[in-house]
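Engineer: Take a look at the following structure, please.
The values are calculated or read from the model by the stated rules, or taken from the named source; none is laboratory data. Bear in mind the structure is a predicted one, so any value in this text is a computation, not a measurement. A quick note on method: Cβ atoms are made from the backbone with ideal geometry, for glycine too, and the neighbour counts reach across all protein chains shown. Each accessible area value is taken on the protein alone, full model and side chains, heavy atoms only, with ligands, DNA and RNA left out. Shrake-Rupley method; radii C 1.70, N 1.55, O 1.52, S 1.80 Å.
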Amino acid sequence: MGDFTLSVGGQNLDLTSPAVMAIINVTPDSFWEGSRLAPGGREAIRTAVGRAVADGAAILDVGGYSSRPGAEDITPQQEYERVARALDVIRAEYPGTVVSLDTFRAEVAVRIVERYGPCIVNDISAGELDPEMIPAVASLGVPYIAMHMRGTPADMQDRTGYRDIAGEVAAYLARKAETLTRAGVRQPILDPGFGFAKTTAQNYSLLHSLDRICALGYPVLSGVSRKSMIYKVLDTTPADSLPGTCALNWESLRKGASILRVHDVREASEIVKLYSYYTQNQ
């Protein structure tokens, strides 16, 4: 991991020590049942956000559109309304916490930033699904997470033909970072996209070579939390995948990740603390 600092409006987030990003899904159909928040349930949102902050989340990643294959396709207006309900709570009660907006739609990103102020934009498509996204993020002047994915969430698992998964993903993200920089995006963050257009074996090959992506010189986000790359190997379920998530989060840190995107904030925060202590005492 590098000595990175993200500037999000008037907030500065020092990534010298890795940050924990809490998943706040304002959706009824995310892949893990335990992460679902009914779009109209403000008390549930308040409880989830309060727990995440108390457990050590440095970033709250709010999403209103499930990227799970087979999930409901909703309109930009519906997505905006879902996210806005969560932002109402966060800005009122936790104004000092950095917010990330999980969306691939420029329209949603612009409307949220204009209403609630600067936030990180977390785009699973790296601008591929909406050509207006990169110009919009550059204009907004906010950090931008570009994730590697092929196709769309509906067909991505039919697009897993790679000769060299690590090399191809690293090359794609290197080109994307150059594109973002030329477009005026000042703070790119790279995400290899574990689980998106990758087989289980490919996910592990990519994790093994995550340091190649970290060597590109940008903050790297690792999002493995409770994903199929864990529960398929263990022959279990997302609900029983916390121990596996912890193991792979440690490996992500060892390979250089600056941000862990997780469902379980307390456990991830403890892993970061232990890993930092471990590295300082070598």
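Engineer: Which residue pairs have Cβ atoms under 7 Å apart, sit 6 or more places apart or on different chains, and have a first residue in segment 104-116 that is at pLDDT 95 or above and a second that is acidic (Asp, Glu) and surrounded by fewer than 21 Cβ atoms within 10 Å (Cβ to Cβ)?
Structural biologist: From residues that are at pLDDT 95 or above, the pairs are 104/130; 105/130; 106/130; 106/132.
Engineer: Among what's in segment 192-212 and is aliphatic (A, V, I, L, M) and out of contact with any Gly (no Cβ under 8 Å at 6 or more places or on another chain), pick the residue that is most open to solvent (accessible area, probe 1.4 Å).
Structural biologist: Here the residue is 201.
Engineer: Here's a follow-up. Tell me which residues, restricted to segment 120-132, are buried (at least 18 other Cβ atoms within 10 Å of the Cβ), touching a helix residue (DSSP H, G or I) at 6+ places or on another chain (Cβ under 6 Å) and assigned to a loop (DSSP other than H, G, I, E, B).
Structural biologist: 126, 127, 130
Engineer: So, in segment 138-154, how many residues would count as being over 16 Å from the mean Cα position of the chain (by Cα) and modelled with pLDDT of 95 or more?
Structural biologist: Residues meeting the conditions: 4.
Engineer: Residues 189, 145: which one is outside any loop (DSSP other than H, G, I, E, B), touching an Asp or Glu at 6+ places or on another chain (Cβ under 6 Å) and surrounded by 15 or more Cβ atoms within 10 Å (Cβ to Cβ)?
Structural biologist: None of the others qualify; the one that does is 145.
Engineer: May I ask you to verify whether residue 233 is in contact with a Pro (Cβ under 9 Å, 6 or more places away or on another chain) and either open to solvent by less than 10 Å² (accessible area, probe 1.4 Å) or not in a loop (DSSP other than H, G, I, E, B) (or both)?
Structural biologist: Criteria not met by residue 233.
Engineer: Tell me yes or no: at least one residue of segment 250-259 is more than 22 Å from residue 143 (Cβ to Cβ), open to solvent by 30 Å² or more (accessible area, probe 1.4 Å), touching a residue at least 12 places away in the same chain (Cβ under 8 Å) and out of contact with any helix residue (DSSP H, G or I) (no Cβ under 7 Å at 6 or more places or on another chain).
Structural biologist: The answer is yes, given that some residue of segment 250-259 is more than 22 Å from residue 143 (Cβ to Cβ), open to solvent by 30 Å² or more (accessible area, probe 1.4 Å), touching a residue at least 12 places away in the same chain (Cβ under 8 Å) and out of contact with any helix residue (DSSP H, G or I) (no Cβ under 7 Å at 6 or more places or on another chain).
Engineer: Something else now. Does residue 218 meet the test of being closer than 23 Å to residue 60 by Cβ and modelled with pLDDT of 95 or more?
Structural biologist: Here the answer is yes, as residue 218 does meet what is asked.
Engineer: While we're on this one: Would you mention how many residues in segment 1-19 are in a loop (DSSP other than H, G, I, E, B) and either modelled with pLDDT under 90 or open to solvent by 20 Å² or more (accessible area, probe 1.4 Å) (or both)?
Structural biologist: 8
Engineer: Let me ask something additional. Given (1) open to solvent by 10 Å² or more (accessible area, probe 1.4 Å); (2) in contact with a strand residue (DSSP E or B) (Cβ under 7 Å, 6 or more places away or on another chain); (3) outside any loop (DSSP other than H, G, I, E, B), where does residue 83 come up short, assuming only one miss?
Structural biologist: The failed condition is (1).
Engineer: If you don't mind, another one. Could you say whether any residue in segment 25-35 is modelled with pLDDT of 95 or more and assigned to a loop (DSSP other than H, G, I, E, B)?
Structural biologist: No, segment 25-35 contains no residue that is modelled with pLDDT of 95 or more and assigned to a loop (DSSP other than H, G, I, E, B).
Engineer: Run residue 194 past the list (1) outside any helix (DSSP H, G or I); (2) over 25 Å from residue 99 (Cβ atoms) and report the number of the one that doesn't hold.
Structural biologist: (2)
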